[in-house]
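Worksheet for the structure shown next.
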Amino acid sequence: MPILAVLLAGVAFSSFFIYRIESDKRVLETELIELSKVKYGLFNVDVWTEELTRIIIVRVNEFQMSEPREAELRIKIEEFLEIAIAELEEGFEEENKGSVGGFLKRGVASVTDVFGLMREKTPEITESIIIFIKDPENKELAKDFLIDKMEEYSDSTFSEIDYSLFDFILNKHDATEKREAITIIKGKIDSLNNRRTPYSAALFGIIGLLALMIPFSTDFMKAEFTVLTMICGILLAVGVLIPMINIDARISRMEFELMGESIVFIDQVLYFKSKSILEVVWVMITNKKIDVMAVGILVFSFSVLFPVSKLLGSIGYIYSEKLKDNPVIKFLVFKTAKWSMADVMVVAIFMAYIGFTGIISEQLTSLENIALNVDIMTTNASSLQIGFFLFTAFAVLSLMVSHKLQYGGEK
């Protein structure tokens, strides 16, 4: 009994701190995922505007008028001017037909040969345009014009992004930009993981020790069965309160070239879901679809209702002679034990279902129109969380305790 009391204290102490640390880490992970969402990266018009601005500046600065290009451009400009003058002359003649005033204007134009003079000036005008294009000061004007037009187009075409949560996270972590905030948050998460390690090691060490003690121990006293039941209750409580699995699908790296310049997007989160068993149950029960609500009730029954009833029934069975012959208590204590691992299976399958269904319906359709020749590396960062292992540990230990209680008896 003293050993079990110490183990109970160790389980309670370790579980408490694991719950605290996991709660703090979950907040940080939520903030990290928010900053990494594609709406602030790959699907963000402001990011694209910034990248295109960079490319425009580079390309305009690199623009050099070579002799072959200049000769070709001179021909194009002269052809354009010839066409413009011809259209201008045709329009002038058409506008001034059928009136005395128009006749006089056409006469003056004919005597002065204004359109002929314009044609003679075409090479001179062409040279002036070439000089204007080659002027370094006018490169800045061209850049400003292109950037202004691009921003005007994006403002009128795309909806505005709400940065309130984004800015809140940056301010919370005293960061000036996204990459800095991500680095800070990852550092804090790593620190919490390091803090959790000794508590996790102690807790699972105790669980392993109990798994060895229960089958090979002699008959337990009532108080010892009570302690074991309390340990199972703590594992159950923590297991249903903290996340079991993180479903995380993202583009780890996406790189392509635009106008000869490389554009790279890193860690673009497409979909993320992290919920505890109780949160999953709540989401399903509050769903308006009857079939989803029914599954939610089923998950709640397997994961919470039956386990709690079994633990309470075990206490009643140990201390009450009358309840030992009660068929309901015997069913809860002994018959439901064989269903314990079904809890884990049902919840794990459902979490995977909602995760990958979300990926298909919410995010992957956005990638259908991506151009070819794009280097994309995707990654599935999904992982089982400590809640899954604690819930599994509860299922295994409660099964062993029930078996010991049924066949080993108590003193």
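For (1) at pLDDT 75 or above; (2) in contact with a Gly (Cβ under 8 Å, 6 or more places away or on another chain); (3) closer than 26 Å to Phe391 by Cα, each residue gets a yes or a no:
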{"residue": "Ile263", "(1), (2), (3)": "yes, no, no"}
{"residue": "Ile266", "(1), (2), (3)": "yes, no, no"}
{"residue": "Asp291", "(1), (2), (3)": "yes, no, yes"}
{"residue": "Ala294", "(1), (2), (3)": "yes, no, yes"}
{"residue": "Ser314", "(1), (2), (3)": "yes, no, yes"}
{"residue": "Leu323", "(1), (2), (3)": "no, yes, no"}
{"residue": "Val346", "(1), (2), (3)": "no, no, yes"}
{"residue": "Gln363", "(1), (2), (3)": "no, no, no"}
{"residue": "Met377", "(1), (2), (3)": "no, no, no"}
- Query: When the residues of region 14-61 are filtered to those that are of a type in the set (Phe, Trp, Tyr) and over 29 Å from Ser164 (Cβ atoms), which remaining residue is nearest to the chain's Cα centre (by Cα)?
  - Reply: Tyr19
- Note on the structure: Scanning region 22-40 residue by residue, those in contact with a Ser or Thr (Cβ under 9 Å, 6 or more places away or on another chain) and over 16 Å from Ser274 (Cα atoms) turn out to be Val38
- Hey, could you check region 238-261 for residues that are acidic (Asp, Glu) and either at pLDDT 80 or above or in contact with a strand residue (DSSP E or B) (Cβ under 9 Å, 6 or more places away or on another chain) (or both) and say which is surrounded by the fewest Cβ atoms within 10 Å (Cβ to Cβ)? Glu257
- Message: Please go through region 165-202 and give me each residue that is charged (D, E, K, R) and touching a Lys or Arg at 6+ places or on another chain (Cβ under 9 Å), ordered by number.
- Response: Lys188, Arg196
- Query: Of the residues in region 70-87, how many are surrounded by 12 or more Cβ atoms within 10 Å (Cβ to Cβ) and either closer than 15 Å to Lys121 by Cα or not assigned by TED's automatic domain parsing to the domain that holds Pro123 (or both)?
  - Reply: 10
- Query: Is it fair to say Ile161 is assigned to a helix (DSSP H, G or I) and either at pLDDT below 70 or not small (Gly, Ala, Ser) (or both)?
  - Reply: no
- Unique match (being in a helix (DSSP H, G or I), of a type in the set (Gly, Ala, Ser) and closer than 30 Å to Phe272 by Cβ) among Gly208, Gly233, Gly239: Gly239
- Query: What are the residues in region 1-32 that are within 30 Å of Val264 (Cβ to Cβ) and either touching a helix residue (DSSP H, G or I) at 6+ places or on another chain (Cβ under 9 Å) or surrounded by 19 or more Cβ atoms within 10 Å (Cβ to Cβ) (or both), if any?
  - Reply: Lys25, Leu28, Glu29, Glu31, Leu32
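The values are calculated or read from the model by the stated rules, or taken from the named source; none is laboratory data. All values derive from a computational prediction rather than experimental measurement. Here the Cβ is made from the backbone with ideal geometry for all residues, glycine too, and neighbour counts use every protein chain on show.
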